[in-house]
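None of the figures in this text is laboratory data; all of them are computed from the coordinates on show. Since the model is a prediction, treat every value here as computed from it, not as a measurement. Here Cβ is always computed from backbone atoms with ideal geometry, including for glycine, and neighbour counts include all displayed protein chains.
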Amino acid sequence: MPLYEHVFLARQDLSQAQVDALAQNATQIIEDNEGKVTKTETWGLKTLAYKIQKNRKAHYVMLNIEAPAGVVAELERQTRVNEDVIRFLTIRVDELETEPSVQMRKTERSDRKGGRDGGRGRDRDERN
């Protein structure tokens, strides 16, 4: 069965519970049409490179999907109709990642370091 990664951006004014409901709705669409979601990652609220439909930020969610092409077409059709989703992208991949994605590893690394200054606790003036 073909493998896909589906990423969608939800409006910034949605709560995390509403974003989780959108991801659950997408999962339900896939499972109702004999597909399978192997992994769901919520990347959180991130700043966009440019405004999209008056939104400066968006909630990012990624789904790893194992499903026939018709299922993906139905998922994209219903996502296009949903006004809470401002952008989406589905790509076919050769294999799905079993580890956390790069976005998830990036947030773990910054949490471990303690922020932007690498945990050193110095501000810009002290370094010069």
With x for Gly and Pro, the residue-by-residue ³J(HN,Hα) of region 70-77, computed from phi through the Karplus equation 6.51 cos²θ - 1.76 cosθ + 1.60 at θ = phi - 60° and given in whole Hz, is x, 5, 5, 4, 5, 4, 5, 4
Here, chymotrypsin sites (Phe, Trp or Tyr not before Pro) of region 35-107 satisfying both criteria (DSSP loop; at most 12 other Cβ within 10 Å) are none
Going fewest to most other Cβ atoms within 10 Å around each Cβ, Ile91, Ile86 line up as Ile91, Ile86
So Glu31 and Glu99, fully extended at 0.36 nm per residue minus their Cα-Cα distance, gain in nm 22.2 nm
Assertion target for Thr98, Thr79, Thr90, ordered by fewest C-beta neighbours within 10 angstrom first, is Thr98, Thr90, Thr79
Phi-derived 3J(HN,Hα) across region 22-30 with the Karplus relation (6.51, -1.76, 1.60, θ = phi - 60°), rounded Hz, x for Gly and Pro, is 5, 5, 5, 4, 5, 4, 5, 4, 5
The correct pair for region 3-116, radius of gyration to one decimal and Dmax as a whole number, both in Å and from Cα atoms, is 14.5, 45
